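Worksheet: one structure, shown below.
The values are calculated or read from the model by the stated rules, or taken from the named source; none is laboratory data. Predicted, not measured: the structure shown is a model, and the values here were computed from it. Cβ: placed from backbone, ideal geometry, glycine included. Neighbour counts: every protein chain shown.
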Amino acid sequence: MTDDNKRSYHVERGDTPPVPPGCPVHQSWSPLDGEYLDDPYRIAKQLQTDHPTFYSEQLQYLVVTEMDEIERIFVDHETFASANVQDPVFPLGEAAQAIFAGAPDYNPVAVMSNRAEPDHGRLRVYTRQGFSSRRIQTLEPYIRRRSHELIDAMQAAGSPVEFVEAFGFPLPGETVFRFIGFPQADDEMLKKWCVERKAFSWGNPTGEQQAKIAEDMVSYWRYCRDFTASKRDARGDDLASELISLHEQNPTELSYREVESIVYGLSFAGHEAVTALICNTLQCLLPRRDQWDAICANPDLVPNAIDEVLRYDSSQISWRRVTTMDTTVGGFDVPKGTGIFLNFASANRQADIWDDPDTFDIRRPNANRHISFGKGVHFCLGAKFAKFETGLMLEILADRLPTLRLVEQDFDYFPNITFRGPSTMHLAWA
């Protein structure tokens, strides 16, 4: 029988263990620094050169920068738990705490990315069925149709266009909402809530912002619960309906609360990184006209090009773990309860893994060696879907708008520790 009270979906950070003895301490660096948000790769490379493993005073996390150690931590899920990956990075203010305390029905439980074994494996069996090749393929006509509609609207509005609002944000969000089964009329509300969740779990909002986000997150959860309940009597060809059916067939293996929580979790996880990935892909390709033209001429190059983007300018540049016991990291004795910050920005450009790692090359033979989807039992469930969706969008854009180019501009990035993609991106075409 499942225990729905094992762990809440979001847990506020507790007491921080002491700095590992002898570990270098960086007093000032933070992944939320403006300079790092603008260009993490140059700084991450220097951090790795200075100290492959160090303690960040600003984060109060141990930072790991080298690929081998990051992969070791991912694989050893018993020592390095994923429990903290959805938790706020910084403590909540009193106002936000009061809002959550006053909403006893706000009770999502940890399900996939933040649930430990053996429950994670149990849940993954059921959610993996939802991400089957059949279901992904059923979304292809929708992605194609909606892509063409959005491009038609871009062309009608005229060049140049702000791409994130016109295409990059709507399409991945709407695709995952149709995948789950949410009604189209609720898209804008859901997108707003998802942006706030990014700030809540991976940013550093002010106390006032936390309170507003907390109110909306309670509404978000209540919406997911009401939506899931509605699907019990009105099944469709969607993930929510499939999960409810699986719960009814296996009530002791997949609880109803877990179904609600999977809907809550995937409604964010299924599109935020894809929006960043398609935008980063265009940022990498469009200034390099020879590589963009090669994509336009030969769509077979798209899959490897996307892996190269995930290596060179990933939409996810870090992830977190927490130690479940006293252990060793980077040669330092690390106490139980220590937060671990895994820095993909440094690992994905290691010179001992890739030749000329600071060069973008869509034909790179080992581009898929990147760590951007994690490793081990918690390897990203939606990795195949994200690459399929991004590849399809890229093929359509290259076919419809081969003269697409970046307008000269400064890029801005939403302040958070993990997800990276431009907030706006202005494009033009002939």
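Quick grid of which residues meet (1) over 29 Å from THR16 (Cα atoms); (2) among the basic types (Lys, Arg):
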position	(1), (2)
GLN86	no, no
PRO91	no, no
ALA95	no, no
VAL111	no, no
ARG122	yes, yes
PRO170	yes, no
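Might you let me know whether the stretch 388-402 holds any residue that is in contact (Cβ under 8 Å) with a residue 24 or more places away in the chain, crowded, with 19+ Cβ neighbours inside 10 Å and basic (Lys, Arg)? No, there is no match, as no residue in the stretch 388-402 is in contact (Cβ under 8 Å) with a residue 24 or more places away in the chain, crowded, with 19+ Cβ neighbours inside 10 Å and basic (Lys, Arg).
For the stretch 267-287, which residues satisfy the criterion of being surrounded by fewer than 24 Cβ atoms within 10 Å (Cβ to Cβ), among the aliphatic types (A, V, I, L, M) and under 18 Å from the mean Cα position of the chain (by Cα)? The answer is ALA269, and nothing else. Taking residues in the stretch 271-282 that are under 13 Å from PRO170 (Cα atoms), and partners anywhere that are assigned to a helix (DSSP H, G or I) and among the aliphatic types (A, V, I, L, M), the pairs with Cβ atoms closer than 6 Å and at least 6 places apart or on different chains are HIS271/VAL176; VAL274/ALA386; ILE278/MET393. Of the residues in the stretch 170-180, none is aromatic (Phe, Trp, Tyr), within 22 Å of GLY382 (Cβ to Cβ) and modelled with pLDDT of 95 or more.
Among all residues of the stretch 339-346, there is none that is farther than 27 Å from PRO415 by Cβ and in contact with a Lys or Arg (Cβ under 8 Å, 6 or more places away or on another chain).
The single residue among GLU248, GLU258 that is touching a strand residue (DSSP E or B) at 6+ places or on another chain (Cβ under 8 Å) and either closer than 27 Å to ARG122 by Cβ or not in a helix (DSSP H, G or I) (or both) turns out to be GLU258. Under the condition of being in a helix (DSSP H, G or I) and touching a His at 6+ places or on another chain (Cβ under 9 Å), which residue from the stretch 337-383 is surrounded by the fewest Cβ atoms within 10 Å (Cβ to Cβ)? So the residue we want is GLY376. Among helices (runs of 4 or more DSSP H) entirely within the stretch 5-87, having at least 1 residues that are under 20 Å from SER372 (Cα atoms) and of a type in the set (S, T, N, Q) singles out 40-50.
Being farther than 17 Å from GLY382 by Cα, at pLDDT 95 or above, under 21 Å from the mean Cα position of the chain (by Cα) and of a type in the set (A, V, I, L, M, F, W, C) is the requirement here; does PHE167 meet it? It is true that PHE167 is farther than 17 Å from GLY382 by Cα, at pLDDT 95 or above, under 21 Å from the mean Cα position of the chain (by Cα) and of a type in the set (A, V, I, L, M, F, W, C).
Filtered by the rule that a residue be out of contact with any helix residue (DSSP H, G or I) (no Cβ under 8 Å at 6 or more places or on another chain) and surrounded by 14 or more Cβ atoms within 10 Å (Cβ to Cβ), the stretch 248-260 gives a lone residue, ARG257.
All conditions in (1) crowded, with 18+ Cβ neighbours inside 10 Å; (2) within 17 Å of ILE262 (Cα to Cα); (3) within 21 Å of the chain's Cα centre (by Cα) hold for TYR106, with the sole exception of (3).
Scanning the stretch 327-336 for residues that are within 30 Å of PRO357 (Cα to Cα) and not in a strand (DSSP E or B) yields a total of 2. Go through the residues of the stretch 111-118 one by one and say whether even a single one is among the small types (Gly, Ala, Ser) and either surrounded by fewer than 20 Cβ atoms within 10 Å (Cβ to Cβ) or more than 17 Å from TYR220 (Cα to Cα) (or both). Yes, there is a match, as at least one residue in the stretch 111-118 is among the small types (Gly, Ala, Ser) and either surrounded by fewer than 20 Cβ atoms within 10 Å (Cβ to Cβ) or more than 17 Å from TYR220 (Cα to Cα) (or both).
Residue-by-condition table, conditions (1) under 18 Å from HIS378 (Cβ atoms); (2) in contact with a strand residue (DSSP E or B) (Cβ under 7 Å, 6 or more places away or on another chain); (3) surrounded by fewer than 20 Cβ atoms within 10 Å (Cβ to Cβ); (4) of a type in the set (Ser, Thr, Tyr):
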site	(1), (2), (3), (4)
VAL11	yes, no, yes, no
ASP15	no, no, yes, no
ASP33	no, no, yes, no
PRO40	no, no, no, no
ILE43	no, no, yes, no
GLN46	no, no, yes, no
PRO52	no, no, yes, no
GLU57	no, yes, yes, no
VAL75	yes, no, yes, no
